[in-house]
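Engineer: Just dropping this structure here.
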Protein chains: 2
Amino acid sequence: MGRVAASKRRVTIEDIAARAGVSIGAVSFALNGRKGVSEETRARILRVADELGWAPAGAARSLAEAKTNTIGLVLARDPMNLGLESFYMQFFAGIESELSPRGYGLLLQVVPDLERELETLRLWRNGRRVDGVVLVDIRQDDPRVSYLAEHPGLPTLVVGDPAFAGPHASVWTDDAAASREAVRVLAGLGHRRIARIAGLEELAHTRIRDDAFLDELAAVGIEGEIFRTDYSAEQGAAATTAALGSVHPPTAFVYDNDIMTVAGMSAITQLGLRVPEDVSVIAWDDSVLCRHTVPTLSAMSHDVIAFGAHVARRLFEVVAGAEASAHLDSTPRLQARGSTAPPPSTG
Amino acid sequence: MGRVAASKRRVTIEDIAARAGVSIGAVSFALNGRKGVSEETRARILRVADELGWAPAGAARSLAEAKTNTIGLVLARDPMNLGLESFYMQFFAGIESELSPRGYGLLLQVVPDLERELETLRLWRNGRRVDGVVLVDIRQDDPRVSYLAEHPGLPTLVVGDPAFAGPHASVWTDDAAASREAVRVLAGLGHRRIARIAGLEELAHTRIRDDAFLDELAAVGIEGEIFRTDYSAEQGAAATTAALGSVHPPTAFVYDNDIMTVAGMSAITQLGLRVPEDVSVIAWDDSVLCRHTVPTLSAMSHDVIAFGAHVARRLFEVVAGAEASAHLDSTPRLQARGSTAPPPSTG
DNA sequence: TCGCTCAGCTTAAGCGCTTCAGATTCGAGA
DNA sequence: TCTCGAATCTGAAGCGCTTAAGCTGAGCGA
């Protein structure tokens, strides 16, 4: 009976202390690898801890140390559209690859809108639920950026251009350069009219890509147009159809994600045009998908797993007290595949 | 100065108590909506708490209540292949939809292999890091199932067939019925030889789908074969090519996920065959992708977000102390689109 | 008037850990 | 032989909260 009751109770360092014949302080020292106990005692304590199947009580440790060993990430997205974004799962995996070795966990929250995201951040900050947060999908004048700036105390890492990161540390990709490369390559193939099927206008990187796109069009002396979408396959297809129905249809498209590219390509085909003979297309996020469509998709390629790992490392620097700074990740490069070619020779 | 110092310190219920002129006990009662304080006092306390921007300290609450308000989920997957699975992001979103309203968080961990997953579970259990766990990608004789069965105390919800859930609660889809439906529909169209491009053999549902597939083939009196893959696009394409190169090539394929379907379709096209005129294909997980390929993909369709929500609800029942039981989620149904048709008439 | 109940509030004991100010021991230097 | 300091270990406070138990005074029946 006593044994059952004992096995029910959670094993604490007090149990270890009793069994090893030392004080709980000594146990704490031993378990945390700090000096203050002899190697002999330490070994004995560790053995006992192992025998008892002890594991640190996260809550108690958090309370005493005033740290939680977790990193938070809130995502304000419509769940319906979330599945398509191959980006996030890989991004998480990259983050995790840095968290696990440090014994950190990732607290994830998916909320329907920005307001709830802000509310979550407020709770996490005031309640010390996480040691740091990663902010994604940054907007222009992002309320999360300003909230965390005005209420310091929660180490923050912004995923996006430093121009929108306020006083926080950031890790960013040079989307402007990438956007220009796409235009340049298409112009080099001979295209004279390019459509950009862009994502949500509110997102900061959309504007950055837009500006660079228009800029480079002017620089190389060709025409182009931007179509606005919500990243969905439907709007991607619709924008494509609209563009091709105009008086001066483009001969090339640059899409802001991979799913719109697939949908757009299908729209192009339905209009009786061929990819890449009649129309070229470039996807933004590269994914396995791009390698297996017919034709294969030329895409702006980026190592998202490494990107996530980079983000995590920089956040840990901030958590450790480092000065906030901006860090440029590798620039997405065009991975040319079967969906890009010279335009049909003008008759 | 005093003000700065004060604003640096975290706001505790003690601060609220002092400001409201009551004891911390009263504050606790008020904040948790328990009786023990008058409505008038409660209102005052809530107002003060709001003014001070107080939020509960998760760690302290966890320690006192012996609960963490978080649910854990470990994923043992190669990060590289993770991005493609539209399944998980939607699944998470579904889970979240039930967690958020309850003030629960989702602790996510992505690890490279099953052994590390087991290690994580051990830590979570012994350290009381989570109130419950969701087990996905269940295998035959899954060590996680047996570990948690032999070391009770961590409420567990198995996502998968109850036959593999041990003593734990489970939420499952009738993959056998779905597998049979796929065969039946293809047979109904006139196909006499079907290939199933299956996923990882270790996973319990793979075997279930296999058995049902073979069973139904026999029932309707047609032929078929199973090809084993690791869910990757590469192996999906390779298996497709291999099948079509055999002496008696199949006229229809059933793939175990959507990404292999896309890759397989591309392999079929490269062999000079057309979908669906020469070969029919069915994808397992339905996704936006399936609606936008050319041709559109017929798929075994399932509401994954609702599935995730269902899983979360059942886990909460277990956490609340309910008896473990198995719950059948809706059965995936064939969503017929453009990739299925009668086979070419035999010459 | 007395005694009782009960709402409303206070007190204090935990929850399991870290940490820091001592206490104790032991060996080396003077 | 005595002193001092380093090494090792103990004791207790404290992290912010919940909650059982205790206290107080008002209201009420007898």
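Engineer: Would you call A:T269 within 14 Å of chain B (Cβ to nearest Cβ), surrounded by fewer than 21 Cβ atoms within 10 Å (Cβ to Cβ) and in contact (Cβ under 8 Å) with a residue 40 or more places away in the chain?
Structural biologist: no
Engineer: Among (1) surrounded by fewer than 19 Cβ atoms within 10 Å (Cβ to Cβ); (2) modelled with pLDDT under 95; (3) of a type outside the set (S, T, Y), where does A:N126 come up short?
Structural biologist: Status for A:N126: all satisfied but (1).
Engineer: Collect the residues in the range A:285-309 that are touching a residue at least 60 places away in the same chain (Cβ under 8 Å), more than 8 Å from every other protein chain (Cβ to nearest Cβ) and closer than 17 Å to A:A263 by Cβ, keeping them in residue-number order.
Structural biologist: Residue satisfying the conditions is A:D285 alone.
Engineer: (1) touching a residue at least 60 places away in the same chain (Cβ under 8 Å); (2) surrounded by 21 or more Cβ atoms within 10 Å (Cβ to Cβ); (3) out of contact with any Asp or Glu (no Cβ under 9 Å at 6 or more places or on another chain): which one isn't true of A:A239, the others all being true?
Structural biologist: (1)
Engineer: Which residues, taken from the range A:276-312, are over 13 Å from the mean Cα position of the chain (by Cα) and within 19 Å of A:V159 (Cβ to Cβ)?
Structural biologist: A:W284, A:D286, A:S287, A:M300, A:S301
Engineer: So, one more: For the subset of the range A:50-74 comprising residues that are surrounded by fewer than 22 Cβ atoms within 10 Å (Cβ to Cβ) and away from DNA strand D (no atom under 12 Å from the Cβ), which member is nearest to A:R122 (Cα to Cα)?
Structural biologist: A:N69
Engineer: Could you go through the range B:139-150 and let me know if any residue there is assigned to a strand (DSSP E or B), surrounded by 23 or more Cβ atoms within 10 Å (Cβ to Cβ) and free of Cβ contacts under 8 Å to residues at least 60 places away in the same chain.
Structural biologist: Looking for residues that are assigned to a strand (DSSP E or B), surrounded by 23 or more Cβ atoms within 10 Å (Cβ to Cβ) and free of Cβ contacts under 8 Å to residues at least 60 places away in the same chain, one finds none in the range B:139-150, hence no.
Engineer: Another question about this same structure. Looking at the range A:130-144, can you tell me whether even one residue there is within 16 Å of DNA strand C (Cβ to nearest atom), within 12 Å of chain B (Cβ to nearest Cβ) and over 28 Å from A:L214 (Cα atoms)?
Structural biologist: Yes, the range A:130-144 contains a residue that is within 16 Å of DNA strand C (Cβ to nearest atom), within 12 Å of chain B (Cβ to nearest Cβ) and over 28 Å from A:L214 (Cα atoms).
Engineer: Of the residues A:G236, A:G224, A:G199, only one is in contact with a strand residue (DSSP E or B) (Cβ under 7 Å, 6 or more places away or on another chain), closer than 26 Å to A:D142 by Cα and not polar (S, T, N, Q); which?
Structural biologist: A:G236
Engineer: Answer with yes or no whether B:L157 is in contact with a strand residue (DSSP E or B) (Cβ under 6 Å, 6 or more places away or on another chain), within 26 Å of A:A57 (Cβ to Cβ), more than 14 Å from chain A (Cβ to nearest Cβ) and not in a helix (DSSP H, G or I).
Structural biologist: Taking the combined requirement at face value, the residue satisfies it.
Engineer: Here is a further query. Looking at the range B:276-295, which of its residues are in a loop (DSSP other than H, G, I, E, B) and at pLDDT below 95?
Structural biologist: Residues satisfying the conditions are B:W284, B:D285, B:D286, B:S287, B:H292, B:T293, B:V294, B:P295.
Engineer: Give the residue that is farthest from DNA strand D (Cβ to nearest atom), with candidates limited to residues of the range B:16-31 that are closer than 12 Å to B:A49 by Cα and of a type outside the set (A, V, I, L, M, F, W, C).
Structural biologist: B:R19
Engineer: Scan the range A:8-36 residue by residue and report those that are within 9 Å of DNA strand C (Cβ to nearest atom) and not aliphatic (A, V, I, L, M).
Structural biologist: Matches in the range A:8-36: A:R9, A:R10, A:T12, A:E14, A:D15, A:S23, A:G25, A:S28, A:F29, A:N32, A:R34, A:G36.
Engineer: A further question follows. State the number of residues belonging to the range A:218-236 that are closer than 21 Å to A:L200 by Cα and away from every other protein chain (no Cβ under 13 Å).
Structural biologist: Final tally of qualifying residues: 6.
Engineer: B:E40 - would you say it is more than 20 Å from B:G103 (Cβ to Cβ), near DNA strand C (Cβ under 9 Å from one of its atoms) and out of contact with any Lys or Arg (no Cβ under 9 Å at 6 or more places or on another chain)?
Structural biologist: Spelling it out, B:E40 is indeed more than 20 Å from B:G103 (Cβ to Cβ), near DNA strand C (Cβ under 9 Å from one of its atoms) and out of contact with any Lys or Arg (no Cβ under 9 Å at 6 or more places or on another chain).
Engineer: Looking only at the range B:305-347, count every residue that is crowded, with 21+ Cβ neighbours inside 10 Å and of a type in the set (K, R) and tell me the total.
Structural biologist: 1
The values are calculated or read from the model by the stated rules, or taken from the named source; none is laboratory data. All of these numbers come straight from a predicted model, not from anything done at the bench. Glycine gets a Cβ as well: all are built from the backbone with ideal geometry, and neighbour counts include every protein chain shown.
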